[in-house]
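Since the structure comes first, as structure tokens, the remarks are kept for the end.
The values are calculated or read from the model by the stated rules, or taken from the named source; none is laboratory data. These numbers were taken from a predicted model, which means no experiment stands behind them. Note: ideal-geometry Cβ built from the backbone for every residue, glycine included; neighbour counts use all protein chains shown.
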């Protein structure tokens, strides 16, 4: 696992410079205590869910919906909490301790930091409490299973979609084209793998005159910073495309593109929100998004946690929950509509 992380990081270090958005450092709001996600009934198993972003995120709300529905269907109690920004791994560390103290029968975790939380994950594993990862893997093998997107492949899908949209806009291989990228966090293996996949595909298939802007912007999971990052990248003279590597980054790009009516810029995002949906369905814009199946992460993750409590073992450490590509051409397809039904 550590060798894999080092290899992916070396790819990125050779390609890009990750930077903040030149905003003042803001005080991080501490994570709240665990709250009930469904009706709490004495005698049932207690599963504790920890997510990355508690507010203003349709992506994480869908994960919580999946866990809640599973808790109701499978007769278990679900408690939830999480951080307010994706970089607040210290809050996740504290929440993991609190879940253990409260007697969690199992824990579902979407780790804010794949490296810094690995020791705490090891502690929980050694204590014998079933731990299921969702959305993001950690830099340790001490967990039961991780339900997540194959992010390396999803990053390649995003780059392929970006090239397709740029061509549909009429950009030729001789034109000078710039593409800006924004991410929510730099410490997440999810983001690292998406960027690695994007650059793998881009380096093989993009025309020489088409370049990714080296200064990749990081918004740290903050909605206001995401807008500032979008403004920074859209100010580049030859920008014709932008890629939001997570939901918050995509929303930031979509809002700024709409506000400035930048229909000359193609956008490829991740996940589904009102902001990106509006651009996809509006023929004035060129937009697409990589839609994950995060509802399944929450639902199946809860289902698996109950199985682990009952003594079952997982035969694999990683399960790809899959993605679909949503644009104006695909949005009516059956598999896309099924995925959208949970968003």
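Some points to look at:
- Filter result for residue 67 (without any contact (Cβ under 8 Å) to a residue 40 or more places away in the chain, part of a helix (DSSP H, G or I) and more than 16 Å from the chain's Cα centre (by Cα)): no
- Of the residues making up region 230-257, those that are in contact with a strand residue (DSSP E or B) (Cβ under 8 Å, 6 or more places away or on another chain), assigned to a helix (DSSP H, G or I) and without any contact (Cβ under 8 Å) to a residue 60 or more places away in the chain are 230, 233, 234, 250, 251, 254, 257.
- Number of positions in region 201-216 that are under 24 Å from the mean Cα position of the chain (by Cα) and loosely packed, with under 14 Cβ neighbours inside 10 Å: 2
- Residues in region 155-165 that are surrounded by 24 or more Cβ atoms within 10 Å (Cβ to Cβ) and in contact with a strand residue (DSSP E or B) (Cβ under 7 Å, 6 or more places away or on another chain): 158, 162.
- Being part of a helix (DSSP H, G or I) and either assigned by TED's automatic domain parsing to the domain that holds residue 63 or closer than 22 Å to residue 58 by Cβ (or both) is a description that does not apply to residue 289.
- Of the set (1) touching a helix residue (DSSP H, G or I) at 6+ places or on another chain (Cβ under 8 Å); (2) outside the structural domain of residue 164 (by TED's automatic domain parsing); (3) under 28 Å from residue 77 (Cα atoms); (4) surrounded by 21 or more Cβ atoms within 10 Å (Cβ to Cβ), all apply to residue 271 but (2).
- The set of residues from region 297-323 being assigned to a strand (DSSP E or B) and crowded, with 20+ Cβ neighbours inside 10 Å comprises just one member, 323.
- Index of the failed condition, residue 125 passing every other in (1) without any contact (Cβ under 8 Å) to a residue 24 or more places away in the chain; (2) farther than 24 Å from residue 88 by Cβ: (2)
Listed here are the residues, each with its yes/no results for (1) at pLDDT 95 or above; (2) within 17 Å of residue 106 (Cα to Cα); (3) part of a strand (DSSP E or B); (4) not assigned by TED's automatic domain parsing to the domain that holds residue 250.
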| site | (1), (2), (3), (4) |
| --- | --- |
| 29 | no, no, no, yes |
| 39 | yes, no, no, yes |
| 43 | yes, yes, no, yes |
| 47 | yes, yes, yes, yes |
| 50 | yes, yes, yes, yes |
| 56 | no, no, no, yes |
| 59 | no, no, no, yes |
| 71 | yes, yes, no, yes |
